[in-house]
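Colleague: Below is one structure. I have some questions about it.
The values are calculated or read from the model by the stated rules, or taken from the named source; none is laboratory data. Computed from a prediction, not measured in an experiment: that's the story for all the values here. Cβ sites come from the backbone with ideal geometry, for glycine too, and all protein chains shown count toward neighbours.
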Amino acid sequence: MTEEITEKEATESENADNHIELPAFMIVRDLAEIINTSPIDIIKVLMANGVMANINQQIDFDTAAIVAAELGFEASLELIDQLESEEVDEIALWRRLIAAEDKKDLNPRPPVVTILGHVDHGKTTLLDAIRSAKVADGEVGGITQHISAYQVVHNDRLITFLDTPGHAAFTAMRSRGAQGADIVILVIAADDGVMPQTKEALNHAKAAGVPIIVAMNKIDRPNANPERLKQQLAEVGLVPDDWDGDTIVVPVSAIKKTGLEDLMEAVLLVSDNTEIIANSEGQVFGTIIEAERDRARGVVATMLVQNGTLKRGDVLIAGTAHGRIKAMFDYHGNPIEEAGPSTPISVMGLDNVPEAGEFFRVVDSEKAARVIVVEREQKKKDDAASSFKVITLENMFERFQSGLARELRLIVKADVQGSLEPIVSSLKSITANDDAGVINVKVLHSGTGNISESEVMLAKTSQAIVMGFNVSTDTAASLYADREKIDVRFYDIIYRMTEDVEKALKGMLLPEEKEVTIGKAEVKAVFKVRKAGNIAGSRVTQGEIKRNAFIRVMRAGKVLHENSVSSLKHEKDNVNEVRSGFECGIGVKGFDDFKVGDILECYIQETVPVS
Ligand SMILES: Nc1nc2c(ncn2[C@@H]2O[C@H](COP(=O)(O)OP(=O)(O)OP(=O)(O)O)[C@@H](O)[C@H]2O)c(=O)[nH]1
Ligand SMILES: [Mg+2]
């Protein structure tokens, strides 16, 4: 696998344009191979740049790009690293990666069908019914426990099924289930009709742009009411095909095992009209379905391969979990050696339990995986430390000014409808003006009752602030809000609410944090680093400069820019702090324009205790 990539890249490097793609991290030997030169030449260039390296030394993209440039190559970051670091979530990462594969390498793969629906509408029973009807008895063997992913054969074609829970608390799992699917089967009990999680599931499927088939379940029940359900479907925009719409609605009974053939036919019909492809020889990646730590077997992760062919012995990375695959099993629990696109498998060998829905991919070595994990852990800490990532009413004004946001998004809850209406209308009427125009308040969602976890999740995904009037949060919601640092605010006087919002829009809501200057540095030289922009080569003149802090760029006594430290290096190492008297390279987020002589003031934000 490594050799294939490097060979390909080596040939590419022979092209006239001398453009090469490099991963985020590589060892000196690999870089030499990619640019078709001897490792000694690389080591020489590194030494000339002050980096002592041996042939097995790991270097990062920035360093490699400088070396490559000196040897006449223009390097760009490999697509997978680029896409992974971009924070675009409208289109799932796996789709963007497959779309970037060479068309001629793409071949059809089995469709991945995710089952979604309201709690107790029969998703799991339906999946069990399909499995027992479709998988030869002998094959099912001793499986009695519930598994959430498996494959069946219908008309000689393989179909992959994934289950999801319907309980209100599992919003994220439903969203990810829809993201990973080619087709969604929306299970709705004919005796119960369209319910809250049915609507939510529908929204996830729509957001993911995935075709939907409706399985009208429990049709055997005496109180099943198919006509009423079709009416409800039409109301939510899923007009049934027998009403001249384009949603296939299949009546089924998971208990009586009726309608299953029709459902399978519908799946194949929709598959035939959808592009369901992957490169089985390409980069290996996919999605974690679920994972747990087993006493005897260590971490066991169930996952779906979406591209490439995963092999036992490969090194995986999923979020900050990583490890070499010690053993791999198909959905029957039989050991297997490799698994191609659309195959659900479980693997042993990860060091930690990855989150469900996490993107995984294969990397060259355990060492490479560890380097990425360290970077990711650092990034997590930085994100938590940077007030720019956490959205609060207090920092909204900075976000408006920096252009990160142009409206204040709110989720509003109140105890009774009578208070909710005036609150929402007065909040909506608040506006402010700044140099760039008008800033408005947008109420994304409002309702009565306590603040729920799914509302806090909505705040996270839509970068909103939650305001409650005479209400509280339920436990799951407050845990989630704490963990994800969502600003949830409580009021019992209406004008305090509107007053806070007005102040926030005008930048008058004082942060409960104060700045404490911890050090100063003077810029001695400016270095250009690909991808990272300009770095200020500086000497710390006072106190210390910290990685998890902010910098005020001062020139001739004026503040030019203020933002978080984006990188801090002492010699070639990433460091957390540099003390007075030492030299270091400082990167400041969103700033490139350093000049020799600039003063960089480093400060942290300390929360002022409420008196
Ligand atoms: N009569 C009848 N009952 C059904 C049918 N399908 C499921 N049930 C019953 O409905 C209940 C819920 O079924 P599950 O399959 O657990 O529902 P689910 O959608 O997976 O539920 P969650 O995973 O908790 O969201 C069980 O008691 C099933 O026996 C059906 O077609 N007919
Ligand atoms: Mg279930």
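Colleague: Consider Ile183 carefully, then state whether it is closer than 22 Å to Ala208 by Cα, away from ligand 2 (no atom under 16 Å from the Cβ), crowded, with 16+ Cβ neighbours inside 10 Å and modelled with pLDDT of 90 or more.
Modeller: Against the criterion (closer than 22 Å to Ala208 by Cα, away from ligand 2 (no atom under 16 Å from the Cβ), crowded, with 16+ Cβ neighbours inside 10 Å and modelled with pLDDT of 90 or more), Ile183 qualifies.
Colleague: Next question. Any residue at all in the stretch 382-404 that is touching a Gly at 6+ places or on another chain (Cβ under 6 Å), modelled with pLDDT of 80 or more and closer than 27 Å to Ala172 by Cβ?
Modeller: Checking the stretch 382-404: not a single residue is touching a Gly at 6+ places or on another chain (Cβ under 6 Å), modelled with pLDDT of 80 or more and closer than 27 Å to Ala172 by Cβ.
Colleague: Looking at the stretch 306-331, which of its residues are among the aromatic types (Phe, Trp, Tyr) and either part of a loop (DSSP other than H, G, I, E, B) or at positive phi (or both)?
Modeller: Answer for the stretch 306-331, where residues must be among the aromatic types (Phe, Trp, Tyr) and either part of a loop (DSSP other than H, G, I, E, B) or at positive phi (or both): just Tyr331.
Colleague: Answer yes or no: is there a residue in the stretch 584-606 that is in contact with a Phe, Trp or Tyr (Cβ under 8 Å, 6 or more places away or on another chain), of a type in the set (A, V, I, L, M, F, W, C), within 21 Å of Gly50 (Cβ to Cβ) and modelled with pLDDT of 90 or more.
Modeller: Checked the stretch 584-606: no residue is in contact with a Phe, Trp or Tyr (Cβ under 8 Å, 6 or more places away or on another chain), of a type in the set (A, V, I, L, M, F, W, C), within 21 Å of Gly50 (Cβ to Cβ) and modelled with pLDDT of 90 or more.
Colleague: Tell me the residue from Asp492, Asp487, Asp474 that is farther than 30 Å from Phe582 by Cα and touching a Phe, Trp or Tyr at 6+ places or on another chain (Cβ under 8 Å), please.
Modeller: Asp492 is the lone residue from the list that is farther than 30 Å from Phe582 by Cα and touching a Phe, Trp or Tyr at 6+ places or on another chain (Cβ under 8 Å).
Colleague: Return the pair list, or none, for Cβ contacts closer than 6 Å from residues in the stretch 419-434 that are in a strand (DSSP E or B) to residues that are of a type in the set (Lys, Arg), at least 6 apart or on different chains.
Modeller: Ala432/Lys506
Colleague: Which of the residues belonging to the stretch 198-216 are closer than 20 Å to Ser148 by Cα, outside any helix (DSSP H, G or I) and within 15 Å of ligand 1 (Cβ to nearest atom)?
Modeller: Val214, Ala215
Colleague: If you don't mind, another one. Checking Trp94 against (1) farther than 26 Å from Leu268 by Cβ; (2) away from ligand 2 (no atom under 16 Å from the Cβ); (3) modelled with pLDDT of 85 or more, which single condition isn't satisfied?
Modeller: Every listed condition holds for Trp94 apart from (1).
Colleague: Examine the stretch 250-261 for a residue that is outside any strand (DSSP E or B), over 30 Å from Ala189 (Cα atoms) and in contact (Cβ under 8 Å) with a residue 24 or more places away in the chain, and state whether such a residue exists.
Modeller: no
Colleague: How many residues, within the stretch 403-440, are within 24 Å of the chain's Cα centre (by Cα) and loosely packed, with under 13 Cβ neighbours inside 10 Å?
Modeller: Matching residues across the stretch 403-440 total 1.
Colleague: Quick one: which residue in Lys206, Lys218 is free of Cβ contacts under 8 Å to residues at least 60 places away in the same chain and either closer than 15 Å to Leu233 by Cβ or crowded, with 23+ Cβ neighbours inside 10 Å (or both)?
Modeller: Lys206
Colleague: Kindly check whether there is at least one residue in the stretch 58-80 that is at pLDDT below 80, part of a loop (DSSP other than H, G, I, E, B) and touching a helix residue (DSSP H, G or I) at 6+ places or on another chain (Cβ under 9 Å).
Modeller: yes
Colleague: What is the residue count in the stretch 297-332 for residues that are small (Gly, Ala, Ser), out of contact with any Gly (no Cβ under 8 Å at 6 or more places or on another chain) and closer than 24 Å to Arg176 by Cα?
Modeller: The total comes to 4.
Colleague: Across the stretch 332-360, which residue is modelled with the highest pLDDT among those that are in a loop (DSSP other than H, G, I, E, B) and under 11 Å from Met303 (Cβ atoms)?
Modeller: Applying the filter and picking the extreme gives Thr343.
Colleague: Among Ala136, Ala168, which is the only one that is more than 12 Å from ligand 2 (Cβ to nearest atom), surrounded by fewer than 18 Cβ atoms within 10 Å (Cβ to Cβ), over 20 Å from Pro251 (Cα atoms) and at pLDDT below 70?
Modeller: Ala136
Colleague: Quickly run through the stretch 160-197 and pick out the residues that are over 21 Å from Val270 (Cβ atoms), more than 11 Å from ligand 1 (Cβ to nearest atom) and not hydrophobic (A, V, I, L, M, F, W, C).
Modeller: Within the stretch 160-197, Thr171, Gly193, Pro196 meet the criteria.
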